[in-house]
Amino acid sequence: MRSYLFFCYLLIGIIPTFIQAQITYVRPVQQPENSIIISKEANIYHGNWIDFNKNGVKDVFENSSKPVNKRIEDLLSKMTLEEKSCQMATLYGFGRVLKDELPTSSWKKEIWKDGIGNIDEQLNNLAYHPKSATDKAWPPSNHIKALNEIQRFFVENTRLGIPVDFTNEGIRGLCHEKATSFPSQIGVGSTWNKDLVSQIGRITGKEAKLLGYTNVYAPILDIARDPRWGRTVECYGEDPYLVGELGYNMVRAIQDEGVVATPKHFAIYSAPKGGRDGDARTDAHITERELFSLYLHPFKRAIKDAGALGVMSSYNDYNGVPVTSSGYFLKDILRDSWGFRGYVVSDSRAVEFIADKHHIAKDHKEAVLKAVNAGLNIRTDFTMPEDYIIPIRELVKEGKLSMETVDDRVRDILRVKFWQGLFDNPYGEEFKKADKIVSNDDFQKVAYRSSLESIVLLKNSDNMLPLDFSKYKSVLVTGPNAKAINHSVSRYGPSNIEVVSVYEGIKQKFPKDVHIKYAKGCDFFDENWPDSEIIPTLPSISDQEEIDKAVEMAKTVGLAIVVVGDDEETVGESRSRTSLDLPGNQQQLVEAIYNTGTPVVIVLINGRPLTINWINKYVPAVVEGWFQGKFGGAAIADVLVGNYNPGGKLPISFPKTIGQIPMNFPSKPGAQANQPAKGPNGSGKTRVGGFLYPFGYGLSYTTFDYSNLSVKSKIRNNNGKVFVSVDVTNSGQRKGDEVVQLYFSDKTSSITVYEKQLRGFERISLEPGETKTVGFVLNQDDLSLYNQNMDFVFEPGVFEIMVGSSSEDIRLKQSIEILD
């Protein structure tokens, strides 16, 4: 049994916005001897306050009844350059940079003897990183005790006792052993369910809080507009409105639990040239109008509207300037325009890349100077924190970096720490509660629901699904993803979880009298991949033997379920691609099974759109599962047998070929049109047009009718709202979910705008024959644009309001004219 020591931080009944109430302090549980070197200072714990600076006086910064701004300024005035600079760096946790699980006597000689800004991923048992393996992550109470011990070092053994911000990842559930596991963000985006995302955020935030983390690096708010890009799997989708709404709800939910949400990666991180990442990740070809209309909108929603107190700066450049050295992004946009009040933490290597990738600084020290002056608060990298702290101290002493600038950066960090309540109760005490609540049964039900709602039905000819088991008494489950589970164990999510594979889910959910057979069929990719994508090669002898084995087995059954797609090695960070076809020999496997004449169902477990044209043409049923999370296989099986009616919608378009890219939603008028058959400007038939599956697309086992669209404008004198309602009826025989989508088109504008723009969506569940009225409210910002001067303005005129089941399946529309 793994034992996990962790720190759980408690805000006794307080929303930690501006903490002014008196808090009774409880001394942390005594730890075993020899586990930590503790100072022999006089007792600094005094009932309702802590003497952090150990001077026997209740200073302003130690007094919870004082205004937060005064507490910040009082503490800042007491700090030396050494202490300030230490607050400006991350100490990466055990197994990454930190060599110790718990404090040792040597810590008093390390640079963090003067404090540290945050400690990242400490004792979380990080997946795929054996050097981070620890027995102090589980059960949660052990982890609380461990982080308490670490926090005690900083409170009791540094001069001012400034507590540490414990940070962690959280894009697929908290990045901690046995935490609640959710689908990848592209799967969560497919739910189109704001309330569900809020539940995911609350669970992630609550588990973080109980385990002792005070800051969660989530959500990812990059929009995935080039599916070749490896981290498409970690994005909510391609549309800024969809991503913005889901991100808003995630941020609010995490911070409602008293934990900081740090969305990432700010900004234009997801648009490297050609979709290339890895050693590339630069040179975004994005216009200023696209920057604001598309790429910045989700961050604006999360920061200005939801009040995120953290943001991670990216390491790419924009228009020749690295974002992490750009005052335009880190000050003008973030703070001056959006009112950001938290701290900016760099993505790993972002500061270093200023010099050694972008070459706008002559050396590392100049890169540090540029980053700090631009507005970076805390640097993160996989090296010791002194690599950043010492150059800051030298730059100040050399007169190149002003103390006023350093104070500004540290002030933001302290503001966040006061919001977190760290100066009123820095230790965790809810040991039993943590053991009871983290990963509890109710949380698992939400995770299971998330997997179900993320599934998208792409094709269902002749209602092949749900399966009629009077026709199928034996089933072959084959393909590299039939038994695979690593796609649901992410480096950015929970580790040591028991994932249900598709094969296991089918064994659990299918009728007991149906005989289930298994053959792997092929690996995810062949030995020549990815070169085999440009120079096709025949399967090796061993690969062909695997395919043949599956084919022979397929001939003996009534149905073949072929589970294909990606794993952690074909999609993810640094895993961009030059093709969107199925990797390796997977297509050959599908065709070989199909050619046996046995009915085939395709299940996709993947992290990006795939160009499955052959499958779409010939295979009667296709289910999109994405990277599912812990319960993925069971959820897929529920859909196949009809226990659950899939209602997910694609948050990202599927092109027919990589040659169409860029091909996405939204787009400018005519930008993705087909060729004309004839005309004065030429004609021809030289390319493929249209989407394989458009944005917002997804089928159901039932049907939905739309009626009674009502659009009423209450906008007068540049003030007011537009009210839209529509009736949706389940006209089929099964209970089902429909995602009602609202789009608008600006018929005439001062600049060219997107042809159709998403401005509302609601996921509803309907019994057979049931009707619900769905309402939307549009404000002026929803109908506004960036004009020729890049001012965000509302232009009166005619607007077409559309509602439907996808961006291309518009059921009803109505035009309105809004006057000055």
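Could you check, for segment 109-118, whether at least one of its residues is in the same structural domain as residue 346 (by TED's automatic domain parsing), within 30 Å of the chain's Cα centre (by Cα) and hydrophobic (A, V, I, L, M, F, W, C)? Taking every residue of segment 109-118 in turn, at least one turns out to be in the same structural domain as residue 346 (by TED's automatic domain parsing), within 30 Å of the chain's Cα centre (by Cα) and hydrophobic (A, V, I, L, M, F, W, C). Annotation note: Cβ proximity below 6 Å between a residue of segment 101-123 that is closer than 28 Å to residue 493 by Cβ and a residue that is polar (S, T, N, Q) and outside any loop (DSSP other than H, G, I, E, B) (sequence gap 6+ or interchain) occurs for 118/90; 118/167; 120/90; 120/167; 121/168.
Every residue, every condition in (1) under 29 Å from residue 92 (Cβ atoms); (2) not small (Gly, Ala, Ser), yes or no:
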{"residue": "195", "(1), (2)": "no, yes"}
{"residue": "198", "(1), (2)": "no, no"}
{"residue": "203", "(1), (2)": "yes, yes"}
{"residue": "218", "(1), (2)": "yes, no"}
{"residue": "225", "(1), (2)": "no, yes"}
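Only one of the numbered conditions (1) out of contact with any Pro (no Cβ under 6 Å at 6 or more places or on another chain); (2) under 24 Å from residue 134 (Cα atoms) is violated by residue 86, and that is (2). For segment 797-820, residues that are surrounded by fewer than 16 Cβ atoms within 10 Å (Cβ to Cβ), at pLDDT 95 or above and part of a loop (DSSP other than H, G, I, E, B) total 1. Just one of (1) of a type in the set (A, V, I, L, M, F, W, C); (2) surrounded by fewer than 21 Cβ atoms within 10 Å (Cβ to Cβ); (3) part of a helix (DSSP H, G or I) fails for residue 360. It is (3).
Residue by residue, here is whether (1) more than 33 Å from the chain's Cα centre (by Cα); (2) modelled with pLDDT under 95; (3) among the basic types (Lys, Arg) holds:
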| site | (1), (2), (3) |
| --- | --- |
| 553 | yes, no, no |
| 562 | no, no, no |
| 577 | no, no, yes |
| 582 | no, no, no |
| 590 | no, no, no |
| 608 | no, no, yes |
| 611 | no, no, no |
| 624 | no, no, no |
| 637 | no, no, no |
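Residues in segment 486-503 that are closer than 21 Å to residue 547 by Cα and either more than 26 Å from the chain's Cα centre (by Cα) or surrounded by fewer than 21 Cβ atoms within 10 Å (Cβ to Cβ) (or both): 503 only. Checking residue 684 against (1) under 23 Å from residue 461 (Cα atoms); (2) surrounded by fewer than 18 Cβ atoms within 10 Å (Cβ to Cβ), which single condition isn't satisfied? Status for residue 684: all satisfied but (1). For the condition buried (at least 19 other Cβ atoms within 10 Å of the Cβ), over 15 Å from residue 605 (Cα atoms), touching a strand residue (DSSP E or B) at 6+ places or on another chain (Cβ under 8 Å) and at pLDDT 95 or above, residue 475 qualifies.
The combined condition, being farther than 26 Å from residue 349 by Cβ, without any contact (Cβ under 8 Å) to a residue 24 or more places away in the chain and buried (at least 17 other Cβ atoms within 10 Å of the Cβ), is not fulfilled by residue 53.
When 304, 264 are checked against the criterion of being under 27 Å from residue 184 (Cα atoms), surrounded by fewer than 22 Cβ atoms within 10 Å (Cβ to Cβ) and of a type in the set (Lys, Arg), a single residue qualifies: 304.
Does residue 547 qualify as being among the aliphatic types (A, V, I, L, M), over 14 Å from residue 477 (Cβ atoms) and either in the same structural domain as residue 528 (by TED's automatic domain parsing) or surrounded by fewer than 24 Cβ atoms within 10 Å (Cβ to Cβ) (or both)? Here the answer is yes, as residue 547 does meet what is asked. Can you name the residue in segment 553-571 that is surrounded by fewer than 24 Cβ atoms within 10 Å (Cβ to Cβ) and touching a Ser or Thr at 6+ places or on another chain (Cβ under 9 Å) and, of all such residues, is farthest from residue 617 (Cα to Cα)? Looking at residues that are surrounded by fewer than 24 Cβ atoms within 10 Å (Cβ to Cβ) and touching a Ser or Thr at 6+ places or on another chain (Cβ under 9 Å), I get 568.
No other residue among 527, 569 is assigned by TED's automatic domain parsing to the domain that holds residue 607, closer than 28 Å to residue 231 by Cα, more than 30 Å from the chain's Cα centre (by Cα) and of a type in the set (D, E, K, R) apart from 527. Among the residues of this structure, residue 278 counts as one that is assigned to a loop (DSSP other than H, G, I, E, B) and surrounded by fewer than 21 Cβ atoms within 10 Å (Cβ to Cβ). Per the conditions (1) over 25 Å from residue 788 (Cβ atoms); (2) at pLDDT 95 or above; (3) out of contact with any strand residue (DSSP E or B) (no Cβ under 6 Å at 6 or more places or on another chain), the sole criterion not satisfied by residue 265 is (3). Against the test of being under 21 Å from residue 96 (Cβ atoms), out of contact with any His (no Cβ under 7 Å at 6 or more places or on another chain) and assigned to a strand (DSSP E or B), the options 345, 351 yield a single qualifying residue, 345.
Filter segment 131-163 down to the residues that are free of Cβ contacts under 8 Å to residues at least 60 places away in the same chain and out of contact with any Asp or Glu (no Cβ under 9 Å at 6 or more places or on another chain), then identify the one that is surrounded by the most Cβ atoms within 10 Å (Cβ to Cβ). Ranking the qualifying residues of segment 131-163, first place goes to 154.
When 542, 574 are screened for being surrounded by fewer than 23 Cβ atoms within 10 Å (Cβ to Cβ), on the phi > 0 side of the Ramachandran plot and assigned by TED's automatic domain parsing to the domain that holds residue 482, only 574 passes. Every condition in (1) surrounded by fewer than 24 Cβ atoms within 10 Å (Cβ to Cβ); (2) part of a loop (DSSP other than H, G, I, E, B) is met by residue 293 except one, and the failing one is (2). Residues in segment 639-657 that are more than 23 Å from the chain's Cα centre (by Cα) and of a type in the set (D, E, K, R): 656 only. Residues in segment 517-539 that are surrounded by 14 or more Cβ atoms within 10 Å (Cβ to Cβ), among the charged types (D, E, K, R) and part of a loop (DSSP other than H, G, I, E, B): 520, 523, 526. Looking across segment 223-249 at every residue that is assigned to a helix (DSSP H, G or I) and in contact with a strand residue (DSSP E or B) (Cβ under 7 Å, 6 or more places away or on another chain), the one that is surrounded by the fewest Cβ atoms within 10 Å (Cβ to Cβ) is identified as 241.
When every residue of segment 87-95 is checked against the conditions, none turns out to be under 31 Å from the mean Cα position of the chain (by Cα), surrounded by fewer than 19 Cβ atoms within 10 Å (Cβ to Cβ) and free of Cβ contacts under 8 Å to residues at least 60 places away in the same chain. Just one of (1) within 27 Å of residue 785 (Cα to Cα); (2) in contact with an Asp or Glu (Cβ under 6 Å, 6 or more places away or on another chain); (3) small (Gly, Ala, Ser) trips up residue 230, so point out which. So residue 230 meets the others, but not (1). Being farther than 29 Å from residue 128 by Cβ, part of a loop (DSSP other than H, G, I, E, B) and modelled with pLDDT of 95 or more: is that true of residue 557 here? Yes.
The values are calculated or read from the model by the stated rules, or taken from the named source; none is laboratory data. Just so it is clear, the structure is predicted and the values come from calculations on it, not from any experiment. We place every Cβ from the backbone using ideal geometry, glycine too, and count neighbours over all the protein chains shown.
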